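Written below as structure tokens is the structure these notes are about.
The values are calculated or read from the model by the stated rules, or taken from the named source; none is laboratory data. All figures in this text were calculated on a predicted structure; none of them were measured in a lab. Glycine gets a Cβ as well: all are built from the backbone with ideal geometry, and neighbour counts include every protein chain shown.
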Amino acid sequence: MGQMGDVVTEPERYAWPNDARAATVITFDLDAESGVLGDFPAAAARLGIMSHQIYGPRTGLPRLLRILDRRQITATFFVPGFTAERHPDAVRAIRDAGHEIAHHGYLHERVAGTTEPEEEGFLLRGIEVLERVAGVRPVGWRAPMWEVNYRTPALLARNGFLYDSSLMDADRPYLLAAGDAEDGATIVEVPVHWSLDDGEQYAWLPGIWEGTTIENPRKVLDMWTQEFDAVVGEGECFVLTNHPFLSGRPSRARALDGLLGHIKETPRVWITQAGELAAFVAGLELPAVRHEPPLPSGQSSGGQIIPGRPKGGYT
């Protein structure tokens, strides 16, 4: 899979370690209050809304950490800097349980539509907080709302990141060009998808995330299990995204536990963290994919796309 253009190319194939036939990464976004405040700062005055978000680090996270420990799975947690400041013990509990801590902005800011200095400022502020609170320098980043600028890979590479986990154009990680063709800088992309995000299944808040349906965990478990089985059958990579304030609630956590049990029971599946997966892919000799805006000749995006705010949906 090379430069994006008018030729459709098959994604680059490679063998998984230890004769595995597929890979799996379980990830969580510990958004807490930042998941609302980044888009709706006035919600800080609404205690009911804030309590809904605080459920993640206060109640959902301990339950999920117990499940992961029982299943002997180490996950990747994408943590906004504001969450680390507000809930330092929760972030340290993730670290002490052996899970990877990665970057998810400072206040869950959408970087699409920002200037480059603004975007890099969010990046640097989040790094500083995670280092100060947890003693961790993150190597991975995930865009809030999965909104990424075309310049973002270069910013990540410039600030020492190994991988991004925000794009949706492949079923397995790949090498992503991060800058001008002349400098050869790259990072690894660990692809995701809305259908494997619990925000599309469970997120609902009055006046904030409306127009969605709170789904039955049985339906979600069935959907995710079908996708996992299909991914394994194709020999690809299954990347699941959950939020402790959503999937940490009892029936949803039970459904997730059932999925993790099915994953553990499936033979020859490499269950790993995003950072370990990215390090493996970075060591392969893969051609880098370069993403460029699909614009008519003579037009320029200025390096960014400015999206509208969706009525529903969350990550």
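Structure data summary
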quantity: Residue that is modelled with pLDDT of 95 or more, over 19 Å from GLY258 (Cβ atoms) and loosely packed, with under 13 Cβ neighbours inside 10 Å, where the choices are GLY233, GLY211; calculated: GLY233
quantity: Residues satisfying the stated conditions in segment 77-135, i.e. over 17 Å from ALA157 (Cα atoms) and of a type in the set (Phe, Trp, Tyr); calculated: PHE77, PHE78, PHE82, TYR106
quantity: Condition check for ILE101: within 21 Å of ILE26 (Cα to Cα) and in contact with a Phe, Trp or Tyr (Cβ under 6 Å, 6 or more places away or on another chain); calculated: yes
quantity: Residue that is nearest to the chain's Cα centre (by Cα) [pool: residues in segment 176-190 that are under 27 Å from CYS237 (Cα atoms) and part of a loop (DSSP other than H, G, I, E, B)]; calculated: VAL190
quantity: Residue that is farthest from ASP39 (Cα to Cα) [pool: residues in segment 191-229 that are among the acidic types (Asp, Glu) and either part of a helix (DSSP H, G or I) or out of contact with any strand residue (DSSP E or B) (no Cβ under 9 Å at 6 or more places or on another chain) (or both)]; calculated: ASP229
quantity: Any hit, segment 26-40, residues being over 20 Å from VAL192 (Cα atoms), modelled with pLDDT of 95 or more and more than 24 Å from the chain's Cα centre (by Cα); calculated: no
quantity: Of all residues in segment 48-90 being hydrophobic (A, V, I, L, M, F, W, C) and more than 17 Å from ILE26 (Cα to Cα), the one that is surrounded by the most Cβ atoms within 10 Å (Cβ to Cβ); calculated: ALA84
quantity: Residue list for segment 270-312, restricted to those being among the hydrophobic types (A, V, I, L, M, F, W, C) and either in a loop (DSSP other than H, G, I, E, B) or at pLDDT below 60 (or both); calculated: LEU284, LEU286, ALA288, LEU295, ILE305, ILE306
quantity: Residue list for segment 250-276, filter: under 30 Å from VAL36 (Cβ atoms), crowded, with 17+ Cβ neighbours inside 10 Å and touching a residue at least 40 places away in the same chain (Cβ under 8 Å); calculated: ARG252, ALA253, LEU256, ASP257, LEU260, GLN273, ALA274, GLY275
quantity: Considering residues of segment 166-182 that are over 13 Å from ARG13 (Cβ atoms) and among the charged types (D, E, K, R) only, the residue surrounded by the fewest Cβ atoms within 10 Å (Cβ to Cβ); calculated: GLU182
